[in-house]
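Comments concern the structure below.
Every number in this text was worked out from the coordinates using simple rules, so none of it is lab data. In this text the structure is predicted, and so the values were computed from the model without any measurement. Here Cβ is always computed from backbone atoms with ideal geometry, including for glycine, and neighbour counts include all displayed protein chains.
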Amino acid sequence: MTSVPANIAETSDNVGGEDVIRQRKRGAELESAIRGACVAELAECGYGQLTIESVASRAQTGKASIYRRWPTKQQLVMDSVSCLMAGPMARLVLRDFDDSVSTREALLDLMVQVARFMSGPEGDAMRSVMGESLRDPDFSASFDCEFFDPRKVAMLALLDRGVQRGEVRPDAVSDTVVEMLAGTLIHRILVRRQDTSEADLAHMLDTFVMPAIQ
């Protein structure tokens, strides 16, 4: 009888009558692998083509391991995207700026970093999720709550910082200004797939954003 290596184990996942040999992952490591596989599948195939089977295969686990944690595809996708946004994107949006950094400099730095982030595979994943949100009202509400709302709060805080510094009008701390910033980046990068340089972002900031809030 052939022995099974220590880092490989037969799982009890037998969804669809399949018994497979899978790499052993447990707890947080397994959940991280599943979320990463989900984001990769979103970027590569889109929401419509993503399946629990494809995520399980990429994560090297069984389907039952996923269903135990996320009973539906939508729950898996929302949790995976939320964790993605709570990682690198949150560090970008929620970062603290030194007092020497002006509101314009802070906004430009933020826009550059977010543009770079959304231009990569993560942006492809977000594009897929946003497309689904247009078709499914429940999905859209969940996406707004998990993704847009926390980032709107962070952006409002950045604008309020500008008010305290005398660089932003109090009435400019509004959802409209935040939506103008977010909408422009989403349209250029996620919808039209345009390359956006720092010079492009600086021009947009100096031509439209700063005159609207100073």
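Net length available on complete extension from M180 to T72 is 35.5 nm, with 0.36 nm assigned per residue and the Cα-Cα distance removed. Taking the centroid of alpha carbons for each part, the range 50-67 and the range 132-163 are 29 Å apart. Here the label points at Q214 and D109, each 7 Å from Cα along the C-beta direction, are separated by 2.0 nm in the simple model. Per-peptide packing, taken as the mean over residues of other Cβ atoms within 10 Å, places 96-102, 39-45 in the sequence 39-45, 96-102 from highest down. Please find the FRET efficiency linking R165 to V191, where r is the Cβ-Cβ separation and R0 is fixed at 35 Å, and quote it to the nearest 0.05. Given R0 = 35 Å and the Cβ-Cβ separation, E is 0.60. In plain terms, the chain from R116 to A202 could stretch by 29.5 nm, reckoned as 0.36 nm per residue minus the Cα-Cα distance. Need the list of aspartates and glutamates near K73 for cross-linking: C-alpha distance under 13 angstrom, and skip anything on the same chain fewer than eight residues off. Reachable aspartates and glutamates: E41, E53, E132. Here C45 and D149 are evaluated by their C-beta separation; at R0 = 25 Å the FRET efficiency comes out at 0.35.
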